[in-house]
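S.K.: Below you will find the structure I want to go over with you.
The values are calculated or read from the model by the stated rules, or taken from the named source; none is laboratory data. Owing to the predicted nature of the structure, the values given are computational and were not obtained by experimental measurement. For neighbour counting, all protein chains shown are included, and Cβ atoms are generated from backbone atoms with ideal geometry for every residue, glycine included. All accessible areas refer to the heavy atoms of the entire protein, side chains included, with ligands and DNA or RNA removed. Shrake-Rupley method; radii C 1.70, N 1.55, O 1.52, S 1.80 Å.
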Amino acid sequence: MFEFIKKRLKSMQNEKLQEKNTAKDKESKISKSLKENLGDIKSTVGNSSDVIMREFSFGHGVCAALIFIDGMTDKKVINESIIEPLMYGFKCSEIDSPDIEKIKLQMIAVSEVKDVDSMDKVIEGFLAGNTVLLMDGSNKALVINTTEWEKRSVEEPQTESVIRGSREGFTENMRTNTSLLRRKIRNPNLVIDKTVIGKSTNTAVCVVYIKGIANTELVDEVKSRLEKIDTDSILESGYIEQYIEDAPLSIFSTVAYTEKPDVVAAKILEGRVAIIVDGTPFVLTVPMFFVESFQTTEDYYSRFYFMNMLRIVRYISYLITILAPAVYVAITTFHQELIPTKLLFTMMEAREGIPFPAFIETLIMLLAFEILREAGVRMPRTIGQALSIVGALVMGEAAVSAGIVGAPMVIIIAITAVSIFNIPYQADSAAILRFIFLILAATMGLYGITMGLLGTLVHLSSLKSFSFPYLFPVVPFDIKGNKDAVIRAPLWTMRRRPNGMSKKNPKRHGNFIHNPMQRKDK
Amino acid sequence: MQKETVSGRQFVYMIILFLLGSSLIIGASTKIGQDTWIAIFLAMLMSVPIILIYARIIHLFPEKNIFDIFTEVFGKVIGKILTSLIILYAIHLGALVVRNFSEFLQIMTMPETPQLPLMIGVLSVTIFLAKSGIEVLGRWSAIILAVVIFVICFTIASSINKMDIENFYPVLTHNFFNLPKDAFAIFSFPFAESVLFLALAASIKKESSSYKIYFSGMLAGGIILTAAVARNIALLGAAMVEDSYYPSYSAIRIINIGEFLTRIEGFVSSNFILTGVTKITICVLAASYGIKSLFNLKSEKNIILPVSLCVLALCYIVYNNTMQMLSFNEIYAFYAFPFQVLIPIALWIGCEIKKKRL
């Protein structure tokens with residue numbers, strides 16, 4: 001049985017290889033006849049109304065055609081920098097043969113021009129927003145960069161707001177995004193390596209890293225995983241994430257994402273690799289560690305005492321958000337002796353007359369919260385107010401006064417719901433964990449919760465992200481990494497990058513130890 | 001598949017947790033009351049030669065586990081017999097720990113719950129952990145050890161006002177022969193149980209020294225155990241330590257800080273759960289490695305579930321009640337002697353002869 005499946009898989013792989021080979025052979029050349037070429041393109045793109053083919057002649061009867069897509073190109077550039085010099089420029093009378101090199105060098109007044117000789121490159125070129133110049137009698141074509149389309153401007157990201165720090169966010173346009181990064185890291189070693197993924201969408205994907213800081217094995221691994229993606233569409237970086245992650249069946253994500261250029265800059269300066277996907281403001285960074293979910297940019301921008309307190313608050317919120325309902329159910333159902341007597345009386349009084357057991361009560365309220373949260377994201381903005389009234393008053397106040405749920409329950413759900421927003425990166429895993437722990441608590445009490453926690457810990461320690469343990473730097477213990485894990489040490493003490501992240505260039509600071517505490521010029 | 005390796009430091013953590021295993025709760029409950037801590041030191045001293053032998057065996061045959069060494073030294077037939085003996089010991093030890101664990105939970109926290117669900121709960125975590133492999137076990141140990149040490153330090157610090165140094169006096173007034181006897185009991189449980197690490201030795205990273213691993217593990221484990229025992233004696237006094245089944249648990253009940261931090265004995269049971277799970281996992285893994293080499297299997301991963309089920313079945317039938325468990329603890333030292341001392345010594349002699357001939 002297994003043998004059969006194996007054989008089948010092997011033969012499928014062979015077929016794929018053969019397909020690739022034949023596809024390479026077919027790669028058609030540009031023919032010398034302009035008519036043939038235009039016919040080829042027409043048959044490929046069909047009757048698309050936005051593909052414009054402008055035929056004209058210049059010099060001493062050289063026939064040519066410009067092909068571009070309306071809406072993706074800058075017409076002004078085409079008119080003034082391509083057509084005008086060719087037809088009316090002072091050198092145009094000298095042109096008597098379709099000499100592509102001469103035209104490229106002397107006639108086209110556009111900054112970025114490439115010559116190509118295959119039909120596929122031509123089609124790829126104008127589909128990406130370039131203008132293609134084909135000439136009768138030449139088997140080469142010029143791809144002229146005239147890209148210009150409607151795009152969103154750089155705005156403050158909606159999902160990650162900050163009090164202090166840069167307010168720029170990535171946009172859907174890849175070039176804007178790379179420029180935002182370049183502006184942050186003006187370093188010749190910043191490599192922005194572009195590939196194209198997706199057979200139908202031909203989405204541009206950039207691998208960004210700093211040469212000399214990022215480990216070459218890591219970069220190679222990222223590139224090889226990207227190469228292995230064999231799909232027809234990449235619409236968002238989430239597609240890439242799900243294809244390259246180490247543990248696709250885990251509830252924990254092993255690839256980090258962000259909308260902020262300063263976050264990406266900080267991460268690639270630590271030796272990580274970023275993946276920018278055209279068409280989405282969300283940029284991926286790998287490897288991801290569990291502690292990263294608890295870090296924000298402001299941890300580093302503000303002074304460290306207060307930010308350490310906030311970081312510890314974040315860890316506590318995480319525990320609350322996954323455990324609070326479960327512990328409430330376990331204690332009220334199985335371990336009433338753990339509650340101080342006075343509190344027990346108050347709680348019992350509040351629960352008096354509630355028709356459901358604590359587990360069902362919690363389940364109803366958690367479900368209601370998840371419904372409200374989802375509705376809050378999906379609803380049209382204009383009816384937001386109505387929803388918040390329904391949510392706050394009906395679900396909370398009315399449910400309690402009607403005696404369907406107890407008041408302590410509402411408090412528990414409220415704190416659970418608020419805590420999740422402190423750690424947005426773990427929000428999805430926490431929502432699932434919460435239900436798992438709730439069920440364990442309802443069946444086995446605190447013992448069940450303990451077993452669940454241990455199981456989670458086993459799972460977490462078995463995870464890896466691009467061959468780095470997910471729980472790094474806690475295990476394997478790394479003192480340099482721990483300066484930025486549970487607590488954040490002052491910036492000037494973090495002299496080295498986390499161990500292993502950068503083998504070639506582990507130092508952040510120079511040899512001169514800049515310690516503000518020992519400054520002489522006081 | 002790449003071979004799983006564990007760094008020397010993580011191996012030390014595993015040994016410490018293994019030693020603390022169930023002994024942190026039930027172990028070291030002896031007849032000599034306030035002198036138990038001396039017995040622990042004596043037991044550590046007694047275990048030095050045997051641990052030297054374990055480390056020597058690993059040193060002579062690096063990157064091999066005890067089962068491979070058996071066949072290499074004694075040939076196929078005797079090797080397989082010894083392998084099956086060690087497998088039986090590992091499964092039995094795992095079953096004993098699970099039973100200790102479930103008895104403890106039933107007596108202390110859930111008197112009306114039958115033991116089977118408790119056993120299934122702990123074994124399901126164990127299976128998950130063992131299936132994730134020894135590398136994950138190493139990483140897990142690093143975290144768990146931090147938690148365990150934190151809990152012990154915290155309980156000592158928060159109970160310091162209730163401690164009474166008088167509880168340690170008078171020193172050495174018990175029957176003189178009881179001291180070595182109890183030391184021997186502590187030697188066999190938990191120190192010499194670390195014989196099972198010979199079964200996992202193949203995963204130690206090559207560059208780390210086996211002597212260093214074994215000794216630092218034993219030393220740290222012994223010191224932590226002594227600290228816990230000394231805490232119990234200081235809090236409870238000799239008479240109560242002798243009387244209670246679970247002295248650590250009883251000791252922590254006393255803690256009361258400002259009427260707020262009270263009844264934190266759950267902390268101690270968390271310690272027991274954490275170390276217990278590690279110990280059971282190591283037993284299950286050792287048995288699985290053994291079965292793997294006994295039947296020349298490709299991987300031990302598929303064996304873990306059946307082995308764990310064996311452990312479950314065995315721990316369910318091994319005792320009828322708690323009293324039987326406690327009385328077995330008294331003769332355990334003699335039962336375990338062949339596995340802990342005789343077989344390793346035989347193996348060591350065989351190893352030395354084999355190496356000389358080569």
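S.K.: How far, in degrees from 0 to 90, does helix B:178-188 lean away from the longest principal axis of the Cα atoms of chain B, to the nearest 10?
M.R.: Taking the Cα atoms of chain B, the angle to B:178-188 is about 50 degrees.
S.K.: What are the lysines whose alpha-carbon lies under 17 Å from the alpha-carbon of A:K42, with same-chain residues fewer than 8 places away excluded?
M.R.: A:K29, A:K32, A:K121
S.K.: Quick one: angle between helix A:341-351 and the longest Cα principal axis of chain A, in degrees between 0 and 90, rounded to 10, please.
M.R.: The angle comes out at about 60 degrees.
S.K.: Direction-averaged shadow area of the convex hull around the Cα atoms of chain A, nm²? Intermediate values should be presented prior to the final figure.
M.R.: Working: hull surface 145.1 nm².
The orientation-averaged projected area of the Cα hull of chain A comes to 36.3 nm².
S.K.: Next question, about the same structure. Average partner chain C-beta neighbours within 10 Å, per residue of A:329-337?
M.R.: Taking the mean over all residues of the peptide, I get 1.
S.K.: Write out the trypsin sites (Lys or Arg not before Pro) in the range B:226-289 meeting two conditions: DSSP loop, and at most 15 other Cβ atoms within 10 Å of their Cβ.
M.R.: In loop regions of the range B:226-289 (DSSP not H, G, I, E or B), the sparsely surrounded trypsin sites (Lys or Arg not before Pro) are B:R263.
S.K.: Next question. State in Å² the accessible area per residue of the range B:134-216; use a 1.4 Å probe, count heavy atoms of protein chains only, and round to the nearest integer. It would help to have the intermediate numbers written out before the result.
M.R.: Details: 3640 Å² over 83 residues.
Here the residues of the range B:134-216 average 44 Å² of exposed surface.
S.K.: Right, next: Over the whole of A:457-467, what's the average partner chain Cβ count within 10 Å per residue? Rounded to a whole number, please.
M.R.: Numbers: counts 10, 14, 4, 4, 12, 10, 3, 2, 0, 0, 0.
Rounded to a whole number, the mean comes out at 5.
S.K.: Count the DSSP beta bridges whose two residues both fall in the range A:174-288, then state the antiparallel fraction as a percent rounded to the nearest 5.
M.R.: Expressed as a percentage, antiparallel bridges in the range A:174-288 total about 95.
S.K.: If ligands, DNA and RNA are left out, what is the accessible area of B:M323 with a 1.4 Å probe, given in Å² to the nearest 10?
M.R.: 110
S.K.: Another question, if that's okay. Can you find, among A:I163, A:T346, A:M365, the residue farthest towards the positive end of the dipole of the protein assembly as shown? Put +1 on the C-beta of Lys and Arg, -1 on that of Asp and Glu.
M.R.: Of A:I163, A:T346, A:M365, it is A:I163.
S.K.: Relative contact order for chain B using alpha-carbon pairs under 8 Å, separation at least 6, rounded to a whole percent?
M.R.: About 39 percent, as a whole number.
S.K.: Now for a separate question. Quick one: pull the percent of accessible area on chain B belonging to carbon and sulfur, 1.4 Å probe, ligands and nucleic acids left out. Walk me through the numbers on the way to the answer.
M.R.: On the way: 9800 of 14640 Å².
In chain B, the share of accessible area belonging to carbon and sulfur is 67 percent.
S.K.: What is the calculated FRET efficiency for A:N202 to A:A109, with r their C-beta to C-beta distance and R₀ = 25 Å, to the nearest 0.05?
M.R.: Computed FRET efficiency for A:N202 and A:A109 comes out at 0.30.
S.K.: Same structure, new question: Which part of the range A:420-451 falls in the paramagnetic zone of A:F356, meaning amide N under 20 Å from the point 7 Å along Cα-to-beta-carbon?
M.R.: Once the point is set 7 Å along Cα→Cβ of A:F356, A:431-445 turn out to lie under 20 Å by backbone N, inside the range A:420-451.
S.K.: How much accessible area per residue does chain A have, in Å², with a 1.4 Å probe?
M.R.: Counting only protein heavy atoms, the per-residue value for chain A is 53 Å².
S.K.: Another question, then. Suppose we compare each residue of the range B:245-276 in its chain alone and in the full protein complex with a 1.4 Å probe; which ones drop by at least 50 Å² of accessible area?
M.R.: B:I273
S.K.: Where a ≥ b ≥ c are the square roots of the eigenvalues of the C-alpha gyration tensor, would you call the range A:304-465 rounded, which needs a/c under 1.5, or, failing that, prolate if a/b is larger than b/c, or oblate?
M.R.: oblate
S.K.: Over the range A:304-465, what is the relative contact order in whole percent, taking alpha-carbon pairs under 8 Å and six or more residues apart?
M.R.: Answer for the range A:304-465 is 45 percent.
S.K.: In whole angstrom, note down how far apart the Cα centers of the range A:392-455 and the range A:174-209 are.
M.R.: 41
S.K.: B plus A alone minus the pair: what accessible area, both sides summed, probe 1.4 Å, in Å² to 100?
M.R.: 1800
S.K.: So, one more: For B:116-129, what's the mean count of beta carbons from other chains sitting within 10 Å of each residue's beta carbon? Let's see the in-between values first.
M.R.: Details: counts 0, 4, 3, 0, 2, 10, 4, 1, 3, 9, 2, 1, 7, 7.
So the per-residue partner count for this stretch is 4.
S.K.: For A:K504 and A:Q158, FRET efficiency with R0 = 51 Å and r from the beta-carbon atoms, rounded to 0.05?
M.R.: In this case the efficiency is close to 0.85.
S.K.: Just in the range A:313-386: which chymotrypsin sites (Phe, Trp or Tyr not before Pro) are loop by DSSP and have at most 12 other Cβ atoms within 10 Å? Show your work: numbers first, answer last.
M.R.: Details: sites: A:Y315, A:Y318, A:Y328, A:F334, A:F345, A:F359, A:F369; in loops: A:F334.
Those that pass, being in a loop and sparsely packed, number zero.
S.K.: Further, regarding this structure: A:K507: which lysines have alpha carbons under 20 Å from its alpha carbon, excluding same-chain residues fewer than 8 sequence positions away?
M.R.: Result set, ordered by chain and number: A:K184, A:K211, A:K267, A:K480, A:K483.
S.K.: Still on this structure, please answer the following. Just the number, please: carbon plus sulfur as a percent of the accessible area of the range A:304-465, 1.4 Å probe, no ligands or DNA/RNA counted.
M.R.: 75
S.K.: What order, most packed first, do the peptides A:460-471, A:41-52, B:10-21 have when packing is the mean number of other Cβ atoms within 10 Å of each residue?
M.R.: B:10-21, A:460-471, A:41-52
S.K.: Hey, another quick one. Relative to the longest principal axis of chain B, what angle (0 to 90°, nearest 10) does the C-alpha long axis of helix B:8-20 take?
M.R.: 50
S.K.: Next up: Can you compute the modelled spin-label distance between A:K151 and A:T493, with each label point 7 Å from Cα toward Cβ, in nm?
M.R.: 4.3
S.K.: Moving to a separate point now. Which percent of the accessible heavy-atom area of the range A:34-144 goes to carbon and sulfur, probe 1.4 angstrom?
M.R.: Roughly 46 percent, rounded to a whole number.
S.K.: Quick check on the protein assembly as shown: of the DSSP beta bridges with both residues there, what percent are antiparallel, nearest 5%?
M.R.: In the protein assembly as shown, DSSP labels about 95 percent of beta bridges as antiparallel.
S.K.: So, one more: Stretch B:I38-B:F154 to full length: gain in nm at 0.36 nm per residue minus the Cα-Cα span?
M.R.: 39.4 nm
S.K.: Another one. Given a Förster distance of 60 Å, report the FRET efficiency between B:I345 and A:L310 from their Cβ-Cβ distance, rounded to the nearest 0.05. Before the final figure, lay out the partial values.
M.R.: Details: r = 58 Å, r/R0 = 0.97.
Working from the Cβ atoms, E equals 0.55.
S.K.: What are the chymotrypsin sites (Phe, Trp or Tyr not before Pro) within the range B:262-358 that DSSP puts in a loop, where the Cβ has at most 12 other Cβ atoms within 10 Å?
M.R.: Sparse-neighbourhood loop chymotrypsin sites (Phe, Trp or Tyr not before Pro): B:F295.
S.K.: Given contacts defined as C-alpha pairs under 8 Å and at least six residues apart, what's the relative contact order of chain A, whole-number percent?
M.R.: 12
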